[in-house]
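The values are calculated or read from the model by the stated rules, or taken from the named source; none is laboratory data. Keep in mind that this is a model prediction, so the values were computed, not measured. A quick note on method: Cβ atoms are made from the backbone with ideal geometry, for glycine too, and the neighbour counts reach across all protein chains shown. Areas reflect the complete protein model, heavy atoms only, side chains present, ligands, DNA and RNA absent. Shrake-Rupley method; radii C 1.70, N 1.55, O 1.52, S 1.80 Å.
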Amino acid sequence: MKCMYCGCEDSKVIDSRSADEGRTIRRRRECINCGKRYTTYETIEDTPVLVVKSSGIRQAYDAQKVRNGIIKSCEKRPVSLNTIDEMVSNITKKVYNSMEQEVSSKRIGELVMDELKKVDEVAYVRYASVYRSFKDISSFMEELQKLMENSKN
């Protein structure tokens, strides 16, 4: 951090305080060279993640959209909102922890299916039927066969 008065890069922190309801740290600094004091603010950089749809359109990642899709697939199933929120949280962490600035909608769909498979197989099949857009009953049966084989193992 350069001193705003002399441009020196060496300073010492005299005081640190939380600001902006804990989202920012306010630091009082003193320049080693000229002795003048100045204030700096430290915040977490919020880098948006863009979702690349199959059409090529890009839009900001929206956890609420993921949540709505999971809620639709879990309708009339014994899955609590708390469990749904945990799934959304897990998916969101994986999206942001990938350190990618762009994530394909297919990748997000796969993450949703992974989470649903752990929680409720019927909700998983519902989501997969829309996500994979089964063309006929045989492709639907193939997915059910895979699911049944995995549950036996």
> Listed residues TYR124, TYR131; which is open to solvent by 40 Å² or more (accessible area, probe 1.4 Å) and hydroxyl-bearing (Ser, Thr, Tyr)?
Replying inline: TYR131
>> I'd like the residue in the range 55-65 that is closer than 23 Å to ASN90 by Cβ and touching a residue at least 24 places away in the same chain (Cβ under 8 Å) and, out of all such residues, is surrounded by the fewest Cβ atoms within 10 Å (Cβ to Cβ).
In response: ALA63
>> Suppose we filter the range 84-120 for residues that are touching a Leu at 6+ places or on another chain (Cβ under 6 Å) and either of a type in the set (Ser, Thr, Tyr) or open to solvent by 50 Å² or more (accessible area, probe 1.4 Å) (or both); how many remain?
In response: 2
> Can you name every residue in the range 23-54 that is open to solvent by 90 Å² or more (accessible area, probe 1.4 Å) and touching a residue at least 24 places away in the same chain (Cβ under 8 Å)?
Replying inline: ILE32, ASN33, LYS36, SER54
> Do we find that GLU75 is within 26 Å of the chain's Cα centre (by Cα), of a type in the set (D, E, K, R) and surrounded by fewer than 14 Cβ atoms within 10 Å (Cβ to Cβ) in this structure?
Replying inline: yes
